[in-house]
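These notes are about the structure you will find just below.
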Ligand SMILES: Cc1cc2nc3c(=O)[nH]c(=O)nc-3n(C[C@H](O)[C@H](O)[C@H](O)COP(=O)(O)OP(=O)(O)OC[C@H]3O[C@@H](n4cnc5c(N)ncnc54)[C@H](O)[C@@H]3O)c2cc1C
């Protein structure tokens, strides 16, 4: 993949020629390296580790990261193009698993020292190591400020005790960017540590079975007197909460993109199906009720996608979009909830059957309004801005 250039055509506000080149490269990769195997990987609950290396080789993993760490710098729309094309695998789990570095590495990029960046970012972008983000605990995910995992300093080491759950890529992550309590109660007592999976006292559950995202391995991670070198602390002690909140913005944007693509794929499958399937002697598209359903689905997809792109462009321009990202994520999930529901309806019984794309899209979709901050948490954020 060649590096991106500034060549956005006037008629395309967001994507230029080099974005399209990247898109085509990823689309070919998905066709050749993922689609033939995705059913098998979904059933297995993971994709082969070798796929990280292959994705790294064509620049998928490094997209948007500085060249010095092995990345390919570019604006936010390169990352969006990659995310959209990975979703064309029809598997949210594949996209989430392969993309877990995009929630694990940004805190290192923002708060880490040069030495930490070289050590913890480079091998991940090269596809040699797997990175995951570990914030959520069994006692609660929304209320990050009250997390319970502790890290107590003993000389040059932190001794970490607690556990993390629902961690994407958690079963086989080589390193986790982990939120811990180093100080007192509340947001001001939280730090971020990079914990390597070979640390003493680090262990992992078996794969958690989920409603959707089957191709991503999800784990509970246990930290029992886990010893972590002090040099793995990101930024100042007790300053982690703000890095975590900033990191959520990127995650929420990607989740909005995933929701939009989930809806787009469900719409595409439905449009193809109504041209084939017949009932009462005519094609399904011959029923006005079906046509109107498809029109509503297409409207939701287009409106949501355009809003998400607009917010992305503003973020790229350096504007604060905390309220708008929360709106974009919620709206994209409203759209994908409705569109995937209606897609299954259009497919009838086949929509409920394994092997039909809308069945998986419907299941995968359910996670999107929970992961990265729930609908209700997004609303609390929006309320703070507008009320
Ligand atoms: C498939 C999957 C992958 C995930 N991957 C990761 C990962 O890689 N790393 C990671 O750290 N986490 C991950 N998560 C966790 C995810 O971020 C949390 O599930 C999410 O933040 C919600 O936390 P919770 O599940 O503890 O729900 P809770 O916080 O217990 O919330 C339960 C319900 O209460 C509501 N609620 C909570 N607070 C409020 C409030 N103030 N006002 C109104 N309603 C409220 C919520 O909206 C929700 O409906 C993943 C989750 C899933 C399902």
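The values are calculated or read from the model by the stated rules, or taken from the named source; none is laboratory data. Here the structure is a predicted model, which means the values were calculated and not measured. Counting neighbours? That spans all protein chains shown, and the Cβs are built from the backbone with ideal geometry, glycine included.
Key figures
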{"read-out": "Checklist (1) out of contact with any helix residue (DSSP H, G or I) (no Cβ under 6 Å at 6 or more places or on another chain); (2) outside any strand (DSSP E or B); (3) more than 9 Å from the ligand (Cβ to nearest atom); (4) in contact (Cβ under 8 Å) with a residue 12 or more places away in the chain applied to residue 195, failing item", "value": "(2)"}
{"read-out": "Which listed residue is touching a helix residue (DSSP H, G or I) at 6+ places or on another chain (Cβ under 6 Å), modelled with pLDDT of 95 or more and surrounded by fewer than 24 Cβ atoms within 10 Å (Cβ to Cβ), from 138, 89, 142", "value": "142"}
{"read-out": "Residue within region 362-379 that is without any contact (Cβ under 8 Å) to a residue 60 or more places away in the chain, touching a helix residue (DSSP H, G or I) at 6+ places or on another chain (Cβ under 8 Å) and surrounded by fewer than 18 Cβ atoms within 10 Å (Cβ to Cβ) present", "value": "yes"}
{"read-out": "Total residues in region 154-186, condition touching a helix residue (DSSP H, G or I) at 6+ places or on another chain (Cβ under 7 Å) and away from the ligand (no atom under 14 Å from the Cβ)", "value": "7"}
{"read-out": "Unique residue being within 15 Å of residue 262 (Cβ to Cβ) and more than 16 Å from the ligand (Cβ to nearest atom) when the list is 289, 344, 295", "value": "344"}
{"read-out": "Conditions (1) surrounded by fewer than 24 Cβ atoms within 10 Å (Cβ to Cβ); (2) in a helix (DSSP H, G or I); (3) touching a strand residue (DSSP E or B) at 6+ places or on another chain (Cβ under 9 Å): number failed by residue 247", "value": "(1)"}
{"read-out": "Considering residues of region 123-147 that are in a loop (DSSP other than H, G, I, E, B), out of contact with any strand residue (DSSP E or B) (no Cβ under 6 Å at 6 or more places or on another chain) and farther than 22 Å from residue 206 by Cα only, the residue nearest to the ligand (Cβ to nearest atom)", "value": "142"}
{"read-out": "Conditions (1) closer than 22 Å to residue 266 by Cβ; (2) crowded, with 21+ Cβ neighbours inside 10 Å; (3) more than 16 Å from the ligand (Cβ to nearest atom): number failed by residue 338", "value": "(2)"}
{"read-out": "Condition broken by residue 181, with the remaining ones in (1) at pLDDT 95 or above; (2) out of contact with any strand residue (DSSP E or B) (no Cβ under 9 Å at 6 or more places or on another chain) satisfied", "value": "(2)"}
{"read-out": "Which numbered condition residue 93 fails, given (1) more than 21 Å from residue 57 (Cβ to Cβ); (2) away from the ligand (no atom under 11 Å from the Cβ); (3) outside any strand (DSSP E or B)", "value": "(2)"}
